[in-house]
1. With the requirement that a residue be surrounded by 16 or more Cβ atoms within 10 Å (Cβ to Cβ), at pLDDT below 95 and of a type in the set (A, V, I, L, M), what does region 194-224 give you?
2. Please go through region 166-182 and give me each residue that is closer than 13 Å to Leu197 by Cβ and either aromatic (Phe, Trp, Tyr) or over 18 Å from the mean Cα position of the chain (by Cα) (or both), ordered by number.
3. Could you tell me how many of the residues in region 83-96 are more than 19 Å from Leu175 (Cα to Cα) and in contact (Cβ under 8 Å) with a residue 12 or more places away in the chain?
4. Tally up the residues in region 122-178 that are basic (Lys, Arg) and in contact (Cβ under 8 Å) with a residue 40 or more places away in the chain, please.
5. Against the conditions (1) of a type in the set (D, E, K, R); (2) crowded, with 22+ Cβ neighbours inside 10 Å; (3) out of contact with any Lys or Arg (no Cβ under 9 Å at 6 or more places or on another chain), where does Lys174 fall short? Just the number, please.
6. Name the pairs: first residue in region 182-197 and over 19 Å from Gly168 (Cβ atoms) and part of a loop (DSSP other than H, G, I, E, B), second residue at pLDDT 95 or above and polar (S, T, N, Q), Cβ to Cβ under 9 Å, at least 6 apart or on different chains?
7. Name the single residue that is nearest to the chain's Cα centre (by Cα) among those in region 138-165 being closer than 17 Å to Thr245 by Cβ and among the aromatic types (Phe, Trp, Tyr).
8. Answer yes or no as to whether Leu203 is under 25 Å from Leu81 (Cα atoms) and without any contact (Cβ under 8 Å) to a residue 40 or more places away in the chain.
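The values are calculated or read from the model by the stated rules, or taken from the named source; none is laboratory data. Note that the structure is a prediction, hence the values are computed from the model and not measured. All Cβ positions, even for glycine, are placed from backbone atoms using ideal geometry, and neighbour counts span all protein chains on display. These accessible areas exclude ligands, DNA and RNA; they are computed on the full protein's heavy atoms, side chains included. Shrake-Rupley method; radii C 1.70, N 1.55, O 1.52, S 1.80 Å.
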Amino acid sequence: MRIDCEVHAFRLKSRQAAPIIDGSMETLEGAARESKIAGLVLVQPAFLNDDPADLFAQASQVRMPVRLIPLLVQPLAPEVLEEWARSGAVGLTLTLTDQGPLAESLEAALRLGLHLEVSGGFEGREHLVERLLADGHRLVFRGFGLADSARDPAWDPRLARLLALAKGAEVWVKLSGIGRVADGWARAAAASMLQELGPKQLLWGSEWPHVAAAHAYAPSYAQTLEWLEELVPDEDARARILGETPAALYRFR
């Protein structure tokens, strides 16, 4: 079973920023099936703010196995998170900020077995990551775990800190961000992650259809998989990144 760990689905009228993209579940599912993807992880786009209604509505239309990652941006009652979990949520997306206001919600998420997907880089916020790990949270870093790709991965202390923090911990990193990071940088960073962490801690997300206005072009779904083949040329490692690793983390089995 091949799994895409980050896709977006939304009604067109919900889209607030250019480019205007067809984010229907029908379009997404058709593209995934053509590329032999059998499971999808729907991550709530930031432009939907803190309302996951559209996420759950889109998921109800899907015909293939799907898991959901709604946003956590404000304190929520445990009962709300329990309902999300019953409706298919297996994790929550959040930005690394002061976690005090979210303490009760994070505790409830931990009890429910919901992992946390971190947006952006963690430079200067390592203490927040360490606190979450100490509390028992499982963390997924999206987009290579970095805010930008300005430095050579071979000489990037941020990447070194991420790898040191993730090694042997309940931490996973998504190889994602086609069109947002340079291909050469992505290949070098992926090679370092494969060497230090291995495919057991790496995931892939197409981020399709791409909703960030920063994307200068809109790659096809098939192109996002071709990009992964360039990042991870070893077929066995790529098979695990697409299959065994996400299947266990996102509860597809």
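1. Val211
2. If the condition is that a residue be closer than 13 Å to Leu197 by Cβ and either aromatic (Phe, Trp, Tyr) or over 18 Å from the mean Cα position of the chain (by Cα) (or both), then Lys167, Gly168, Trp172 are the ones that fit.
3. So the count comes out to 7.
4. Residues that pass the stated criteria total 3.
5. In the conditions (1) of a type in the set (D, E, K, R); (2) crowded, with 22+ Cβ neighbours inside 10 Å; (3) out of contact with any Lys or Arg (no Cβ under 9 Å at 6 or more places or on another chain), Lys174 misses (3) alone.
6. Nothing qualifies.
7. Applying the filter and picking the extreme gives Phe141.
8. For Leu203, the condition - under 25 Å from Leu81 (Cα atoms) and without any contact (Cβ under 8 Å) to a residue 40 or more places away in the chain - is not met.
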